[in-house]
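Undergrad: Sharing a structure here in structure tokens format.
Laboratory data are not the source of any read-out in this text; all were calculated from the coordinates shown. Computed from a predicted model, the values in this text were never measured in an experiment. Glycine also receives a Cβ, built like all others from the backbone with ideal geometry; neighbour counts cover every protein chain displayed.
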Amino acid sequence: MAYVPGPVQSIERAAAILRLLARGSGRLGVSEIAGSLGLARGTAHGLLRTLQGVGFVEQDEETGKYQLGAALLHLGTSYLDVNELRSRAINWADALAARSGEAVRIGTTLDGKVLVVHHVFRPDDTLQALDVGALLPAHATALGKVLLAYDANAMAALQDTPLELFCRRTITQPRELGRALVEVREMGWAAEVEEFTVGEAGLAAPIRGQGGLVVGAMGISGAVERLCDPRGRPKPTLVTYVRDAARAVSRDLGASRW
Amino acid sequence: MVERYVMSVDQGTTSTRCILFDHGGRLVSVTQREHKQHFPKPGWVEHDAMEIWRNLERIAPEALSHAGATPDQVAALGIANQRETTVLWDRHSGRPVGRAVVWQDTRTDSLVDELAARPNADMVRERCGLPLATYFSATRVRWLFDHTPGLRERAESGDVLFGTMESWLIWNLTGGPDGGVHITDVTNASRTLLMNLTTLAWDDDLLAFFDVPRAMLPDIRPSTETYGRASRVLPGVRIAAALGDQQAALFGQTCFAPGEAKCTYGTGSFLLLNTGTEPVRSTHGLLTTVGYQIDKEPAVYALEGSIAITGALVQWFRDGLGLIASAPEIETLARTVEDNGGCYIVPAFSGLFAPYWRSEARGIIVGLTSYITKGHLARAVLEATGWQTREVVDAMNADSGLALKALKVDGGMTADNLLMQFIADVLDVPVIRPMAAETVSLGAAYAAGLAVGYWADLEGLRRNWHRAAQWLPSMDPGRRETEYDCWRRAVERTFDWMKPGNT
């Protein structure tokens, strides 16, 4: 039988702090909180700092007292504004385009599709049109596969809709897509090779926020002969560029381990 | 072979950032730290120069460690800085004399009026290319003398030094009280009201006019030249470039030929046009300034349209009103509505800069009705940046006799797609963002790298420039004219608000 761990004490204590703050007028100092819960002052302080870090509590600058954070009020909605995501990622997206020589896009999930929230042109100064705001099919793009692989809800939402065929190589069977997503989770990146547009390929990796939550996908796309070797496999150097760039954004967003 | 990098420090109005660039001009690591804005009285804006120095002491080693690099892998350091902000410090203790007085600060407005009334006031613009305004450094030095007992004497004896932020940081990096190098570069010196634009030297008549003793002033040097080696923080690293942030952005956008222009969207916004090796005098409210000087080569001049408040209006919307949690959310909020609902915000927080130069103007929100929501206000905030750009572009076109064909943009606000589209719409020209939005930092890195031979020449730098995004105009011409008219009427309503004595 599998070992079932017991309750995690610090999570229980954190929950107790949130309940305490939610109870009254909701502005308490660290000593009051420690006293109420029978915790050492240092322990309470550590828990409060962590809760503050994830936005669940806020500290008043003047008084130093704590209250519930705004993030708790919209826990269900996207916790990172897409315009903020673009703003935080823009430098790394530029650097990725410069290194790879390909166009860069950042996507988030919207109604089972990929919403393009940022687009950097391929750095060859040819005429290209900005497609921020465009919606891409999740199952047929590298960006989409990353978003599906790390978001069980998005995947569930896709169960009931038929997977549209764009090219001969588009994945249209849910079971096959499921297998592809397992592979994405194992590798930590996704590829699309002539699955959405003939002659085009794409690579993408997850952008993570605090605690490792995936908040978006970042990737490059371009001609299949530039992104892949003659046997149609993504070039390892490009994969590394994409993963490094996504990791750099994640680090800026506070995802420490990735 | 061990990879070598160029480091740039962008000492800006709200934060200091340190970036390592590789040979392709690509970002390798970034660290950043904000410093506190002090607003002790209406119209006053101050920074703690010591806090800024400590921030640099912290972020420069961090930038190296993020890249896994050591100081000996840094080929050179270039500095770009917020311009005109005035720091005075004690040469012996290394302590600043009071807080730095920031470029947005308007405390010298009555002093400016007094100086402008003098019979020889016209000499100022002829010699230094700048109008008499609170924006520039010299009147601040004079104000500090008038309000700090004994300070003038200590400055005359050379015990107290003057500098803008690059001087302060270079002096500290090269040893501070222990042999620190006291210099500035031509671009920063061109913003003091004290430098002769033709000779590129401190002008005795200007020094007398503003009553600033020569003993406290730094040596004026080219923008690219090895000024010295750091003895602290980055031991041994050559400090090889300094440029005012806007001039650094001109350099980073590779606007090396006459007629090339860029606009940087930050706290304020600044449109600079390269005019070549001859200074062009403006008749439409623009400044004549030094663009850059490469080592011993002749200086390159620029015409500048300065807008005091653009990103700062978004910050005020966030911090002063609390209507958004982060600056980029302004776009999210603005997109909740279709248009401005008839509402206009003119952010004349520090008076109006180009093309008006009205120190006595103050900000307004007009067109308020019960229909207006915070979404409309967010639109009006972004549109204020668009219309202010339109006004300086109109002035630039009139001064140069040429019509701008496209606008190269950079800076943090270029991440705002709604704003960039609006600017293209109101200018009726394409707006182009290059692949490095951090052109201020890139420009300082380019200049430093050029000085030490890390990059060979300007043409090589030009090849690094690529288009990252482009917005095309799509606004109906009739609507553009109607809206512009509303904006101009809103601007007129900001004039003559401050009266002498009611500071």
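Undergrad: Roughly how crowded by other chains is peptide B:459-470, in terms of the mean Cβ count from those chains within 10 Å of each of its Cβ atoms?
TA: Numbers: counts 0, 0, 0, 0, 0, 2, 2, 10, 9, 14, 10, 5.
What the average comes to for B:459-470 is 4.
Undergrad: Debye sum, Cα scatterers, the range B:464-503, no solvent: what log₁₀ I/I(0) at q = 0.30, 0.34 1/Å?
TA: Computed log10 I(q)/I(0) values: -0.98, -1.06.
Undergrad: Please work out the FRET efficiency for the pair A:A15 and B:W497, using the Cβ-Cβ distance as r and a Förster radius of 35 Å; give the result to the nearest 0.05.
TA: On the way: r = 53 Å, r/R0 = 1.52.
The calculated FRET efficiency here is 0.05.
Undergrad: With +1 on each Lys and Arg Cβ and -1 on each Asp and Glu Cβ, and nothing else charged, work out how big the dipole of the protein assembly as shown is about its Cα centre, in Debye to the nearest 20. Mind showing how you got there, number by number?
TA: Values: 76 positive and 88 negative charges, 364 e Å.
It works out to roughly 1740 debye.
Undergrad: Using only the C-alpha atoms of chain B, find the volume of their convex hull and express it per residue in Å³. Display every interim value, and only then the final one.
TA: Numbers: hull volume 68.7 nm³, N = 503.
Considering the Cα atoms of chain B, their hull volume per residue is 137 Å³.
Undergrad: While we're looking at this one, here's another question. Please report, in Å, the Rg and the Dmax of the range B:133-195, where both are computed over Cα atoms only.
TA: Rg and Dmax of the range B:133-195, Cα atoms, are 12.5, 36 Å.
Undergrad: Something else now. Please arrange A:D81, A:D124 by counting, for each residue, the other beta carbons lying within 10 Å of its beta carbon, fewest first. Each step should come with its number before you reach the end.
TA: On the way: A:D81 20, A:D124 11.
Going from least to most buried by this count: A:D124, A:D81.
Undergrad: Need one value for B:427-434: mean number of C-beta atoms belonging to other chains within 10 Å of its residues' C-beta atoms. Numbers along the way, then the final one.
TA: Working: counts 0, 0, 0, 0, 0, 1, 5, 2.
Neighbouring Cβ atoms belonging to other protein chains average 1 per residue here.
Undergrad: Okay, next question. Given 0.36 nm per residue, what is the gain on full extension from A:Q173 to A:V4 after removing their alpha carbon distance, in nm?
TA: Full extension from A:Q173 to A:V4 adds 57.3 nm.
Undergrad: Per residue of A:118-131, how many C-beta atoms from partner chains lie within 10 Å of its own C-beta, taken as a mean?
TA: Working: counts 3, 3, 7, 8, 3, 7, 2, 4, 1, 2, 4, 3, 9, 0.
Mean partner shielding for this stretch: 4.
Undergrad: Between B:L207 and B:K296, what FRET efficiency follows from the Cβ-Cβ distance if R0 is 25 Å, with the result rounded to 0.05? Could you put the intermediate results ahead of the total?
TA: Values: r = 25 Å, r/R0 = 1.01.
Plugging the Cβ-Cβ distance into 1/(1 + (r/R0)^6) gives 0.50.
Undergrad: With equal scatterers on the alpha carbons only and no solvent term, can you work out the Debye log10 of I(q)/I(0) for the range B:276-386 at 0.14, 0.20 1/Å?
TA: -0.68, -0.99
Undergrad: Report Rg(Cα)/(2.2 N^0.38 Å) for the protein assembly as shown, keeping two decimals.
TA: Working: Rg = 27.2 Å, N = 761, 2.2 N^0.38 = 27.4 Å.
Relative to the rule-of-thumb radius for its length, the protein assembly as shown sits at 0.99.
Undergrad: Expressed in nm to one decimal, what extension gain is obtained for the pair A:L73 and A:D125 from 0.36 nm per residue of sequence separation less their Cα-Cα distance? Before the final figure, lay out the partial values.
TA: Details: separation 52, 0.36 × 52 = 18.72 nm, distance 4.48 nm.
Working it through step by step, the gained length comes to 14.2 nm.
Undergrad: Calculate, in nm to one decimal, what A:L37 and A:V182 gain on full extension: separation in residues at 0.36 nm each, minus their alpha carbon distance. List each step's numbers first, then the result.
TA: Values: separation 145, 0.36 × 145 = 52.20 nm, distance 4.31 nm.
Stretched fully, the A:L37-A:V182 segment lengthens by 47.9 nm.
Undergrad: Using the basic label-point model (7 angstrom from Cα toward the beta carbon), what is the B:R54 to A:E62 distance in nanometres?
TA: Between B:R54 and A:E62, the simple spin-label model gives 2.5 nm.
Undergrad: Further question on the same structure: How big is the equivalent ellipsoid of the range A:138-205 along its three axes, where each semi-axis is √(5λ) from the Cα gyration tensor, reported in whole Å from largest to smallest?
TA: Values: eigenvalues 57, 45, 16 Å².
Sorted largest first and rounded, they come to 17, 15, 9 Å.
Undergrad: As a test of understanding, state the convex hull volume per residue of the range B:90-172 from its alpha carbons, in Å³.
TA: Dividing the Cα hull volume of the range B:90-172 by its residues yields 117 Å³.
Undergrad: Counting other beta carbons within 10 Å of each Cβ, put B:I294, A:I207 in order, fewest first. Show your work: numbers first, answer last.
TA: Numbers: B:I294 19, A:I207 32.
By the 10 Å Cβ count, ascending: B:I294, A:I207.
Undergrad: Once all Cα-Cα distances of the range B:177-278 are split into 5 Å bins that start at 0, what whole-number percent is in each one?
TA: Binned Cα distances yield the sequence 2, 11, 16, 19, 18, 16, 12, 5, 0.
Undergrad: Please state the Cα pair-distance histogram of the range A:100-258 with 10 angstrom bins from zero: what percent is in each bin?
TA: The calculated distribution, bin by bin, is 12, 43, 37, 9, 0.
Undergrad: Let me have the 222 nm mean residue ellipticity of chain B computed from DSSP H runs of 4+ only, each contributing -39500 (n - 2.57), with the sum over all residues rounded to the nearest 500. Please list the in-between numbers first.
TA: Values: 16 runs with 160 residues, N = 503.
Rounded to the nearest 500, it is -9500 deg cm²/dmol.
Undergrad: May I pose another question? Label A:Q210 and A:V198 with points 7 Å out from Cα along Cα→Cβ: what is the distance between them in nm?
TA: Going by the 7 Å Cα→Cβ label model, 4.9 nm.
Undergrad: Quick one: helix A:82-100 against the long Cα principal axis of chain A, what's the angle to the nearest 10°, folded into 0 to 90?
TA: Between the helix axis and the principal axis of chain A, the angle is about 40 degrees.
Undergrad: Additional query: Using Cα-Cα distances under 8 Å and only pairs 6 or more residues apart, what relative contact order does chain B have, in percent? Intermediate values should be presented prior to the final figure.
TA: Numbers: 1138 pairs, mean separation 76.4, N = 503.
Result for chain B is 15 percent.
Undergrad: Students often check this: by mean Cβ neighbours within 10 Å, which of B:236-243, B:45-52, A:237-244 ranks highest, and how do the rest follow? The partial results should precede the final answer.
TA: On the way: B:236-243: 25.9, B:45-52: 21.1, A:237-244: 19.0.
Result, highest mean Cβ count within 10 Å first: B:236-243, B:45-52, A:237-244.
Undergrad: A further question follows. Go through A:K235/B:K262; B:K41/B:K374; A:K65/B:K499; B:K374/B:K408; A:K65/B:K36; A:K145/B:K408 and tell me which ones have a Cα-Cα distance over 32 Å in this structure. Before the final figure, lay out each step's value.
TA: Numbers: A:K235/B:K262 37 Å; B:K41/B:K374 27 Å; A:K65/B:K499 42 Å; B:K374/B:K408 30 Å; A:K65/B:K36 21 Å; A:K145/B:K408 35 Å.
As for pairs spanning more than 32 Å Cα to Cα, those are A:K235/B:K262; A:K65/B:K499; A:K145/B:K408.
Undergrad: What Kirkwood hydrodynamic radius do you get for the range B:1-148 when you take the inverse of the mean 1/r over all pairs of distinct Cα atoms, in Å?
TA: Numbers: mean 1/r = 0.0570 Å⁻¹.
When all Cα pairs of the range B:1-148 are included, the Kirkwood radius is 17.5 Å.
Undergrad: Then there is this: Using the number of other C-beta atoms within 10 angstrom as an exposure proxy, rank B:D10, B:D22, B:D416, B:D211 with the fewest first.
TA: Numbers: B:D10 27, B:D22 17, B:D416 24, B:D211 13.
Placing the least packed residue first, the sequence is B:D211, B:D22, B:D416, B:D10.
Undergrad: Restricting to DSSP loop positions (anything but H, G, I, E, B) with no more than 11 other Cβ atoms inside 10 Å of their own Cβ, which GluC sites (Glu not before Pro) remain in the range A:151-244? Walk me through the numbers on the way to the answer.
TA: Numbers: sites: A:E164, A:E176, A:E183, A:E186, A:E192, A:E194, A:E195, A:E200, A:E225; in loops: A:E164, A:E194, A:E195.
Of the GluC sites (Glu not before Pro), the ones in loops of the range A:151-244 whose Cβ has at most 11 other Cβ atoms within 10 Å are A:E164.
Undergrad: Relative to 2.2 N^0.38 Å, what does the C-alpha radius of gyration of the range B:336-430 come to as a ratio? Two decimals please. Don't skip to the answer; put the middle values down first.
TA: Details: Rg = 14.4 Å, N = 95, 2.2 N^0.38 = 12.4 Å.
Computed over Cα atoms of the range B:336-430, the ratio equals 1.16.
Undergrad: Same structure, new question: Quantify how much of the Cα-Cα distance distribution of the range B:18-88 extends past 18 Å, in percent. Mind dumping the intermediate values first?
TA: Numbers: 1207 of 2485 pairs.
Percent of Cα pairs beyond 18 Å in the range B:18-88: 49.
Undergrad: Evaluate E = 1/(1 + (r/R0)^6) for B:R489 and B:K374, where r is the Cβ-Cβ distance and R0 equals 25 Å; express this FRET efficiency to the nearest 0.05. Before the final figure, lay out each step's value.
TA: Working: r = 23 Å, r/R0 = 0.93.
The value I calculate is 0.60.
Undergrad: Which trypsin sites (Lys or Arg not before Pro) in the range B:314-420 pass both tests, a DSSP loop state and at most 15 other beta-carbon atoms within 10 Å?
TA: Values: sites: B:R318, B:R335, B:R358, B:R362, B:K374, B:R379, B:R390, B:K405, B:K408; in loops: B:R335, B:R362, B:K405.
Within the range B:314-420, the qualifying trypsin sites (Lys or Arg not before Pro) (loop, at most 15 other Cβ atoms within 10 Å) are B:R335, B:K405.
Undergrad: Mind giving me the nanometre distance, one decimal, between the label points for A:T240 and A:Q159, set 7 Å out from Cα along Cα→Cβ?
TA: 4.1 nm
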